[in-house]
Amino acid sequence: MADGPSEGGAQARSQAGSRQMPLSPHLSIYRWPITMAASIIHRATGIALTIGTLFLAWWLIAAAIGPDAYGNFTEFAATILGRLILFGLVGSLAFHLLNGLRHLAWDLGYGYEIRTARLSAALVFGLALLIALGVFTLGYMEGGNLF
Amino acid sequence: MSAVALVPLSIWFLFSALSLVGGNLAEVLVFLSKPINAILMLLFLFAALHHMTLGIQVVIEDYVHGERLKLLSLMFNRFFALGVGCAAGFALLKIAL
């Protein structure tokens, strides 16, 4: 194919000396299989939860220090940003846990058929969202004493 | 297999955290002072941090390529887990004991 350089190629060749080959577009045009989406979201939620451990540690340490420190924590947790973070963490935990079960099933040898894998991925997305919303709604009914 | 342990432990954690929502420090302290809750929370912390270390290690190995940066990142990963674990664990023991 003797076409002129694609825009990717022109971009790549603008760096004098470094021979980068032109790239085909990928993320912008390929369709996302649901199994692929579940996989990368699993990694993303894992990373989110990692940062979330800091939040958990803050909660425990604040409780150990005393009412003032704990007040700071609850004040922050009640702000819009705080609630957003909490929702994100609950959602991440729900998704990562459910998708983790999928992984454990694979470890045991179950669920490799492509239709099963797609169905379980869809189930995980749906259930995780439901659980996140459910837990958050319950949390909002701040009568607190549920158990 | 921290993953397997985390299945029941995370569910327990979610329910416990839910029951404590509302901002009452006294309730939280009472809850965490009960031995069973303190032990479960410690187990949850250990399992979660160990699981996290393994997972982040894979992420680092996938995305970080410079040899020195990779080594430093892998070390930092372990130190992070140990740091958070000891800080949170200490706080927990201070409350419960």
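Derivation of every value follows stated rules applied to the coordinates shown; laboratory data play no part. If you're wondering where the values come from, they're calculated on a predicted model, not measured in any experiment. Backbone-built Cβ (ideal geometry, glycine too); neighbour counts: all protein chains shown.
Please build a GNM for chain B, connecting alpha carbons under 10 Å apart, and tell me which residue among B:37, B:24, B:77 fluctuates the most.
Largest GNM mean-square fluctuation: B:24.
Ordered by residue, what ³J(HN,Hα) values in Hz, to whole numbers, does region A:122-136 give under the Karplus form 6.51 cos²θ - 1.76 cosθ + 1.60, where θ = phi - 60° and Gly and Pro are x?
Ordered by residue, 3J(HN,Hα) equals 4, 4, 4, 4, x, 4, 4, 5, 4, 5, 4, 5, x, 4, 5 Hz.
Give me a comma-separated list of calculated 3J(HN,Hα) values for region B:85-97, in order, Karplus coefficients 6.51, -1.76, 1.60 applied at θ = phi - 60°, integers in Hz, x for any Gly or Pro.
Along region B:85-97, the couplings run x, 5, 5, 5, x, 4, 4, 4, 5, 4, 6, 7, 8 Hz.
Add -39500 (n - 2.57) for each DSSP H run of 4 or more in the protein assembly as shown, then divide by its residues: what number comes out at 222 nm, to the nearest 500 deg cm²/dmol? Walk me through the intermediate numbers first.
Working: 9 runs with 193 residues, N = 244.
Using -39500 (n - 2.57) per qualifying helix, the result is -27500 deg cm²/dmol.
Can you tell me the dipole magnitude for chain B around its Cα centre, using point charges on the Cβ only (Lys, Arg +1; Asp, Glu -1), in Debye to the nearest 20? Before the final figure, lay out the partial values.
Values: 5 positive and 4 negative charges, 42 e Å.
Roughly 200 debye for chain B.
Between rounded, prolate and oblate, where does region A:12-118 land on the alpha carbon gyration tensor, with a ≥ b ≥ c its root eigenvalues, rounded for a/c under 1.5, else prolate if a/b exceeds b/c? Could you put the intermediate results ahead of the total?
Values: a/c = 3.08, a/b = 1.50, b/c = 2.06.
Oblate.
Using Cα pairs under 8 angstrom and six or more residues apart, how large is the relative contact order of region B:2-96, in percent? Can you show the working numbers first?
On the way: 52 pairs, mean separation 37.2, N = 95.
Over region B:2-96, the number comes to 39 percent.
Mind ordering A:102-113, A:33-44 by average Cβ neighbours within 10 Å, highest first? Show your work: numbers first, answer last.
Numbers: A:102-113: 12.5, A:33-44: 14.9.
Per-residue Cβ counts within 10 Å, averaged per peptide and sorted highest first, yield A:33-44, A:102-113.
Enumerate the calculated ³J(HN,Hα) couplings along region B:10-18 in order (Karplus 6.51 cos²θ - 1.76 cosθ + 1.60, θ = phi - 60°), each rounded to whole Hz, writing x wherever the residue is Gly or Pro.
Residue by residue, region B:10-18 yields 5, 5, 4, 4, 4, 5, 5, 4, 4 Hz.
How big is the dipole moment of region A:35-147 about its Cα centre under a simple scheme where the beta carbon of each Lys and Arg is +1, that of each Asp and Glu is -1, and everything else is neutral? Debye, nearest 20, please.
Numbers: 5 positive and 5 negative charges, 86 e Å.
With only Lys, Arg, Asp and Glu charged at Cβ, the dipole is about 420 debye.
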